[in-house]
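The values are calculated or read from the model by the stated rules, or taken from the named source; none is laboratory data. As the structure is a prediction and not an experimental result, all values here were calculated from the model. Here the Cβ is made from the backbone with ideal geometry for all residues, glycine too, and neighbour counts use every protein chain on show.
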Amino acid sequence: MNKDFSSGYKATRERENAQVSQILTWLSLAAMAFLVGIGFKAWFSGHTSHAFFLWAFTLPVLINMGLFAWKQDLSLQKTGLLVTISLLFTYLIASGGESNTGPLWLYVFPPLLFFLTNLKTGTMILLLVYLVAIVVFQFPGLPFVLADYNRDFKIRFFATLSLESVFCFILEANRLKARNQLLDLARTHEHAARTDELTGLANRRDILSRLSEEFSRYKRLGHHFSIVLIDLDLFKNINDVHGHDAGDAALKQFARLTQRLIRNTDVAARWGGEEFLLMLPDTSLISALTLAERLRTEVAAANFTFNNQRLSLTISAGVCSVAQASSIDGMLRQADMQLYCAKESGRNRIVPRVRNNQQAFADATA
Ligand SMILES: Nc1nc2c(ncn2[C@@H]2O[C@H](COP(=O)(O)OP(=O)(O)OP(=O)(O)O)[C@@H](O)[C@H]2O)c(=O)[nH]1
């Protein structure tokens, strides 16, 4: 299996987070503009303490924006904005704002809440806000409650806010469902674009992009890696003698065996037809040769079958380490030349030959 097919998915999530954070920044700016503007209106209408309260709320919004610019932490940014807005709305209900119109701002809350949190947390916070509103409406004599609302207003306020909340919940649930379906679809497509359908291994395109990443890592940090180019020997015979389906079965069984032998960080790919390429990060030439030799031995000894018929299979491979080439193309060319030598000298072998470590190294660097 292709081991990491989620890079596009991660990129989508990162893009989404960046967009959310940008929206929150604009929202914060808009909130400050409203607070300052309505504060002035309250000031000129003679509600000076209300004006001061509104202006005071710009401070936590500003601090929250500054914190985000410093820490770049989206969940902190969301929590900060949520706490500030919750406190502001509690103040607006309890004080009544200007002419008892403060609670009207609460209609902004449900869509914003579901946008900032998830459905469950949003519903919980919304219920808490309802509780605050009920306390304020029912107990106008409490010390922090300055407003007294009439019965008709209270009934209509709760009815309309509830309707809006349910509507927002349904919309957000549908939006989330559609978004998750899209992300799943993107993930499936990305997986398909990077995977060989028959064997389930990475395809040529995927391993080429990984090779380029690994090569950059080598240039940056000096981490060595090696590649092994493998060709199944006389594969045409399997197709001719046992049929194309048998050939397909052999390719799949070989892929499974290879996948079992390599490390988690290694990548096995179908390079094309009956050719496979292994990319072995942090692996010297000697270690790569040892692995290739082990794979060769296991393949030769394995019991590949199709419809109870034994399919005898061997491999030839060319190995190259990054130290022997100056580019990925150079590495692939070298490995291909070594593979050609392996075929020429009788197949079922690895080139450079592994006799003992020193000899292999001498051959490879010759
Ligand atoms: N069944 C099956 N066969 C494939 C697939 N891809 C390539 N082949 C076959 O692999 C065979 C490769 O044959 P050749 O290029 O002549 O090589 P070979 O028979 O392996 O001989 P050497 O490479 O010289 O050892 C061809 O018969 C292709 O049809 C596949 O996906 N499924």
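Go through region 229-242 and report how many residues are within 9 Å of the ligand (Cβ to nearest atom) and without any contact (Cβ under 8 Å) to a residue 24 or more places away in the chain.
Residues that pass the stated criteria total 4.
Does Met337 satisfy the condition of being at pLDDT 95 or above, assigned by TED's automatic domain parsing to the domain that holds Tyr218, in a helix (DSSP H, G or I) and crowded, with 16+ Cβ neighbours inside 10 Å?
When the stated conditions are applied, Met337 does not pass them.
Which numbered condition in (1) closer than 27 Å to Glu213 by Cα; (2) surrounded by fewer than 23 Cβ atoms within 10 Å (Cβ to Cβ) is the only one that Ala268 fails?
If we test Ala268 against (1) closer than 27 Å to Glu213 by Cα; (2) surrounded by fewer than 23 Cβ atoms within 10 Å (Cβ to Cβ), just (2) comes out false.
Does region 262-314 hold any residues that are among the acidic types (Asp, Glu) and either within 16 Å of the ligand (Cβ to nearest atom) or over 19 Å from Gln338 (Cβ atoms) (or both), and which are they?
Residues satisfying the conditions are Glu274, Glu275, Asp282, Glu298.
For region 102-143: of the residues being in a helix (DSSP H, G or I) and small (Gly, Ala, Ser), which is nearest to Ala173 (Cα to Cα)?
Only one residue fits best here, namely Gly122.
Of the conditions (1) of a type outside the set (Val, Ile, Thr); (2) touching a residue at least 40 places away in the same chain (Cβ under 8 Å); (3) outside any helix (DSSP H, G or I), Ser99 fails just one. Which one is it?
(2)
Assess whether Arg349 counts as being among the charged types (D, E, K, R), within 17 Å of Arg294 (Cβ to Cβ), at pLDDT 90 or above and assigned by TED's automatic domain parsing to the domain that holds Phe215.
Yes; evaluated as a whole, the condition is true for this residue.
Scan Phe158, Phe144, Phe167 and give me the residue that is surrounded by 13 or more Cβ atoms within 10 Å (Cβ to Cβ), away from the ligand (no atom under 16 Å from the Cβ) and not assigned by TED's automatic domain parsing to the domain that holds Asp329.
Phe158 is the lone residue from the list that is surrounded by 13 or more Cβ atoms within 10 Å (Cβ to Cβ), away from the ligand (no atom under 16 Å from the Cβ) and not assigned by TED's automatic domain parsing to the domain that holds Asp329.
Restricting to region 244-261, give me the number of residues that are more than 13 Å from Leu201 (Cα to Cα) and within 8 Å of the ligand (Cβ to nearest atom).
Residues flagged as more than 13 Å from Leu201 (Cα to Cα) and within 8 Å of the ligand (Cβ to nearest atom) within region 244-261 amount to 6.
For region 216-235, does any single residue satisfy the condition of being among the β-branched types (Val, Ile, Thr), farther than 30 Å from Val299 by Cα and either in contact with a Gly (Cβ under 8 Å, 6 or more places away or on another chain) or modelled with pLDDT of 95 or more (or both)?
So far as region 216-235 goes, no, none of its residues is among the β-branched types (Val, Ile, Thr), farther than 30 Å from Val299 by Cα and either in contact with a Gly (Cβ under 8 Å, 6 or more places away or on another chain) or modelled with pLDDT of 95 or more (or both).
Farther than 23 Å from Ser316 by Cα, assigned by TED's automatic domain parsing to the domain that holds Leu280 and more than 12 Å from the ligand (Cβ to nearest atom): which single residue out of Ser212, Ser226 fits that description?
After ruling out the rest, the residue left standing is Ser212.
Just to confirm my filter: which helices (runs of 4 or more DSSP H) fall fully inside region 189-281 and include at least 3 residues that are in contact with a Phe, Trp or Tyr (Cβ under 8 Å, 6 or more places away or on another chain)? It would help to see each step written out before you state the result.
Values: elements: 204-221, 235-242, 244-261.
In region 189-281, 204-221, 244-261 are the helices (runs of 4 or more DSSP H) which contain 3 or more residues that are in contact with a Phe, Trp or Tyr (Cβ under 8 Å, 6 or more places away or on another chain).
Do you know which of the residues in region 273-304 that are more than 15 Å from Arg349 (Cβ to Cβ) and charged (D, E, K, R) is nearest to the chain's Cα centre (by Cα)?
It comes out as Asp282.
Which ones in region 36-52 are surrounded by 18 or more Cβ atoms within 10 Å (Cβ to Cβ), within 12 Å of Ser95 (Cβ to Cβ) and not hydrophobic (A, V, I, L, M, F, W, C)?
Those that are surrounded by 18 or more Cβ atoms within 10 Å (Cβ to Cβ), within 12 Å of Ser95 (Cβ to Cβ) and not hydrophobic (A, V, I, L, M, F, W, C): His47, His50.
For region 21-35, name all the residues that are aliphatic (A, V, I, L, M) and surrounded by fewer than 15 Cβ atoms within 10 Å (Cβ to Cβ).
Ile23, Leu29, Ala30, Ala33
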